[in-house]
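The block underneath contains the structure these notes are about, expressed in structure tokens.
The values are calculated or read from the model by the stated rules, or taken from the named source; none is laboratory data. Because the structure is predicted, anything quoted here is derived from the model rather than measured. Cβ sites come from the backbone with ideal geometry, for glycine too, and all protein chains shown count toward neighbours.
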Amino acid sequence: MTALSDAPAPTRTREPRPRRPGTVTRPSRALWLFAAPALVVYAYFFAAPALQTFLYSITDWDGYSAEFSWVGLDNFASVLGADDQFRNAAANSLQFTLLVAVGQTLLSLALAVLLVRTTRASTVLRAIFFFPAILSSVAVAFVWKFALEGSGLLAEPRTAILWLAMVQVWAHAGQLMVVFIAGLQQIPEMYYEAAKVDGASRWQRFRFITLPLVAPTALIVLAYTTVQSFKAFDLVLGLAGNPPNPPLDILATRIYAGFADSRFGYAAAESVVFLVLIALVTWLQRRAIARTPGVES
């Protein structure tokens, strides 16, 4: 008979130490291998050209010669201080972006609210409103140039930028309508049912339920619309020709004119200012929406 003292001692399994609440585990280094291809592509096609543009902006390079001179911040001083054409293009771009951001957001949201329910009629109307988005900007420009060419509206300094914004809104409101519909369909229906039981009117349901809950989608739409408006290069050239008249000259066409005139260094400086302006406008948009009562960003 085996004594109890001769019995093997039970082995103890070491239990993992519990993590403290709020601690974040460090990802494995192997996970970076999955992101490496995208990071390489981004660095080669975006980060490196952006750095190269900044280097060009402090030179007087013409784009062809092997020699150039470092001019420091002289290009930026000329762009911001003595270039009337750049200031005119910046004013046109800001006005155009404001008109498009307000008009396109409101129109696309209104269409989304009206067509959010999936019926046969709403499906057909969605397709009709979305159709201009599949056309190229050049095709849209040529169609509207044919419609507006005889009226002289594009040559009138006071109304030219307004008609340009109208064409942009017409072309892309249906595309952003789809984005708003996706956001509206994520709102639980029980919120509206509870509001109806409490006696809330249709406007009150829209004001206190739809608007706050669709605000994240509106942020996406506004950011996309802002960048899209600043980059409306082909639309302007299709409507106004190259170079466009001063009332239709925007920053994208002004920078292109600098490159076409072999002023690569100066045009690069304009591009850097352009980038800073886009970032500033986007930041101001987010701040304005974040301070809106009942809306959280």
Of all the residues that make up the range 169-227, how many are free of Cβ contacts under 8 Å to residues at least 24 places away in the same chain, part of a helix (DSSP H, G or I) and of a type in the set (A, V, I, L, M)? 5
Regarding the range 231-239, can at least one residue be identified that is farther than 30 Å from residue 193 by Cβ, in contact with a helix residue (DSSP H, G or I) (Cβ under 9 Å, 6 or more places away or on another chain) and without any contact (Cβ under 8 Å) to a residue 60 or more places away in the chain? yes
Only one of 199, 258, 265 is in contact with a strand residue (DSSP E or B) (Cβ under 9 Å, 6 or more places away or on another chain) and of a type in the set (Gly, Ala, Ser). Can you tell me which? 265
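Each row is one residue, and each column tells you yes or no for (1) within 19 Å of the chain's Cα centre (by Cα); (2) closer than 20 Å to residue 165 by Cα.
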| site | (1), (2) |
| --- | --- |
| 47 | yes, no |
| 71 | no, no |
| 83 | no, no |
| 92 | yes, yes |
| 125 | no, no |
Residue 129 - would you say it is of a type outside the set (Asp, Glu) and either surrounded by 15 or more Cβ atoms within 10 Å (Cβ to Cβ) or touching a Lys or Arg at 6+ places or on another chain (Cβ under 7 Å) (or both)? yes
Need the failing condition index for residue 198 against (1) farther than 30 Å from residue 271 by Cβ; (2) touching a helix residue (DSSP H, G or I) at 6+ places or on another chain (Cβ under 8 Å), just the number. (2)
Return the pair list, or none, for Cβ contacts closer than 9 Å from residues in the range 279-297 that are closer than 25 Å to residue 93 by Cβ and of a type in the set (Lys, Arg) to residues that are at pLDDT 70 or above and surrounded by fewer than 10 Cβ atoms within 10 Å (Cβ to Cβ), at least 6 apart or on different chains. none
In the range 159-168, residues that are free of Cβ contacts under 8 Å to residues at least 40 places away in the same chain and farther than 18 Å from residue 234 by Cβ total 1
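Conditions tested, residue by residue: (1) in a helix (DSSP H, G or I); (2) under 22 Å from residue 65 (Cα atoms); (3) at pLDDT 85 or above; (4) among the basic types (Lys, Arg).
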residue	(1), (2), (3), (4)
252	yes, no, yes, no
255	yes, yes, yes, no
258	yes, yes, yes, no
268	yes, yes, yes, no
271	yes, yes, yes, no
277	yes, no, yes, no
281	yes, no, no, no
286	yes, no, no, yes
295	no, no, no, no
If you check 214, 272, 227, which single one turns out to be among the hydrophobic types (A, V, I, L, M, F, W, C) and either surrounded by fewer than 17 Cβ atoms within 10 Å (Cβ to Cβ) or under 15 Å from the mean Cα position of the chain (by Cα) (or both)? 227
Number of positions in the range 121-148 that are among the charged types (D, E, K, R) and modelled with pLDDT of 90 or more: 1
Out of the residues in the range 140-149 that are of a type in the set (A, V, I, L, M, F, W, C) and free of Cβ contacts under 8 Å to residues at least 12 places away in the same chain, which is surrounded by the most Cβ atoms within 10 Å (Cβ to Cβ)? 143
Flag if residue 165 is buried (at least 18 other Cβ atoms within 10 Å of the Cβ) and in a helix (DSSP H, G or I): yes
Count - residues of the range 54-68 that are surrounded by fewer than 19 Cβ atoms within 10 Å (Cβ to Cβ) and either modelled with pLDDT under 90 or of a type in the set (Asp, Glu) (or both): 8
